[in-house]
1. According to a simple spin-label model (label point 7 Å from Cα along Cα-to-Cβ), what is the distance in nm between SER30 and SER17?
2. Which value in deg cm²/dmol, rounded to the nearest 500, describes the helix-derived mean residue ellipticity at 222 nm for the chain, given -39,500 (n - 2.57) per DSSP H run of n ≥ 4 and division by the residue count?
3. Would you mind checking the radius of gyration and Dmax of the chain based on alpha-carbon positions, in Å?
4. HN-Hα J couplings of region 45-53 from phi, Karplus 6.51/-1.76/1.60, θ = phi - 60°, integer Hz, Gly and Pro as x?
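Any read-out appearing in this document is the output of simple, stated calculations on the displayed coordinates, not a laboratory observation. Please read all numbers here as calculations on a predicted model, not as lab measurements. Cβ atoms come from the backbone with ideal geometry, glycine included; neighbour counts cover every protein chain shown.
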Amino acid sequence: MTTNSSTWKQVTRLTLSVPLQGTLYIGLLSLIVWTVFFTTYPPIHDKLHSLRHHTLTVGCH
């Protein structure tokens, strides 16, 4: 039982650490940016088509 308790404390400490939270936050933001600019999924692409053209950094066609 002591091993489970210490393991749980280590997992909790790691999960609540600032570097891990920062990494997860950056990963989530990267996924959102990729979805906005590079997806070919028609409903998302069609709604954000003009945004893609106005940024001048992402070619659409």
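1. 1.8
2. Dividing the helical sum by the residues of the chain leaves -24500 deg cm²/dmol.
3. 19.6, 60
4. The phi angles translate into 4, 5, 5, 9, 4, 5, 4, 4, 6 Hz.
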